[in-house]
Structures are given as C-alpha cells and as structure tokens.
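Any read-out appearing in this document is the output of simple, stated calculations on the displayed coordinates, not a laboratory observation. Keep in mind it's a predicted model, so treat the numbers as computed, not measured. Positions of Cβ are backbone-derived with ideal geometry, glycine not excepted, and every protein chain shown enters the neighbour counts.
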C-alpha cells in the first residue's frame, strides 16, 4: 500500500497523532480505516450484546456513535437493536457523505469533537453515546 493510501500516514505516524481523517477518506478508493472493516467482527458482537442488555434495563431509544467512520457499525446497531434511533458523528465530511449514501435510514453528521468539545442533541431523548 502506498504511503498516501495507508491510514497510518493520516492518523498515527511514527507514534505521533496526525489526525488528517478527511484526507484519508478523500484519498482512498476502498475502506481505509480498520474500524469500518470490523463491523461484523467479534468485538462488535460483544458490544451489541452489552448494548442489548442495557437497552432492556434502561429502555433508551437513541445511540450516538462518535467516530462512526463509513457507518458500518452504526448500520449494524440500527439493524440489531429494536426501536432505536442511531446517529453517527464523524470528523470527515467525505466520510459522512459516503455513510449517508450507503445507509439511508441513519442520520450522519460532521462533528469535530476535538475542536468543538461538546454538542447538543436536538430532541434530548435518553440515549447512549458510543465509540467503537
């Protein structure tokens, strides 16, 4: 993989945080970020078991995934939890556009948690913030 295509070139290089997520998604023709490839892996399976357990206990109706990437995990949450409203936030506008195109029934928004720090949910429902 060429330097410009490897996610390390944009995210963490030589042990230093780079944080150029927008460039990573703009310069990739496939799935550049490992989190997007693991949406059907064992760790997401475990996360979903935990979320289902807490949903039964707490009866929340909303999950916000911070750093949603191309939306694969948000889509899986949306498919596997019942009566849930999923919103995905990511720093990359290119990524959010790709996710919104692929997963029409999920809301995706551009948000830079490092720059902006906090955000307010419009409808203020009880929910869970999740980062996978």
To the nearest 0.05, the calculated FRET efficiency linking residue 38 and residue 82 through their beta-carbon distance, R0 being 35 Å, is 0.90
With 0.36 nm assigned to each residue of separation and the Cα-Cα distance removed, residue 46 to residue 14 gains 8.4 nm
For segment 12-116, the Cα convex hull volume per residue in Å³ comes to 118
From the Cα centre of segment 19-79 to that of segment 84-105, the distance in Å is 10
